[in-house]
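Structure, as structure tokens:
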Amino acid sequence: MRLAVVCGQYDVDAMLDGMTSQQFDEWVAYYKLEPFGYEPVRDTVANAGAAVCHAFGEKVLTWMILGKDEPTTEVAPNQAAAMFGRSHGHNR
């Protein structure tokens with residue numbers, strides 16, 4: 001739904017019918033690298049909140065402010081590069 005809104009489409013089914021599965025996969029990969037919608041704003045506010053807490057000597061991390069579980073995995077640089085390459089039509 002967010003992709004449709006970002007693209008100015010209001011008929012999600014028509015949008016999905018007009019794209020290939022490869023195009024959809026490229027959008028998914030792009031979103032993982034550069035989220036669109038409210039997430040970037042939410043994350044920025046959470047980062048700022050964590051920074052304020054650190055300034056007052058409290059160890060509060062962004063994931064705590066977001067109400068999420070402690071992260072257990074990270075994206076390795078080569079994984080990020082591969083996702084970027086796939087989103088730009090390169091097979092790496």
**Study point:** Whichever residue in the range 52-92 is surrounded by 10 or more Cβ atoms within 10 Å (Cβ to Cβ) and of a type in the set (Phe, Trp, Tyr) and, among such residues, is modelled with the highest pLDDT
**Key:** Trp63
Revision key, fill the gap. Here the residues within the range 3-51 that are within 22 Å of Gly67 (Cα to Cα), open to solvent by 60 Å² or more (accessible area, probe 1.4 Å) and not in a helix (DSSP H, G or I) are Glu34, Tyr38
**Study point:** Any pair with Cβ under 9 angstrom, 6 or more apart, that starts in the range 14-26 at a residue that is in contact (Cβ under 8 Å) with a residue 40 or more places away in the chain and ends at one that is open to solvent by 80 Å² or more (accessible area, probe 1.4 Å) and not in a loop (DSSP other than H, G, I, E, B)
**Key:** Asp25/Arg86; Glu26/Arg86
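The values are calculated or read from the model by the stated rules, or taken from the named source; none is laboratory data. Given the structure is predicted, the values throughout are model-derived calculations rather than measurements. When we count neighbours, we look across all protein chains shown, and the Cβ atoms used for this are built from the backbone with ideal geometry, even at glycine. Only protein heavy atoms, including side chains, enter the accessible area calculation; ligands, DNA and RNA are left aside. Shrake-Rupley method; radii C 1.70, N 1.55, O 1.52, S 1.80 Å.
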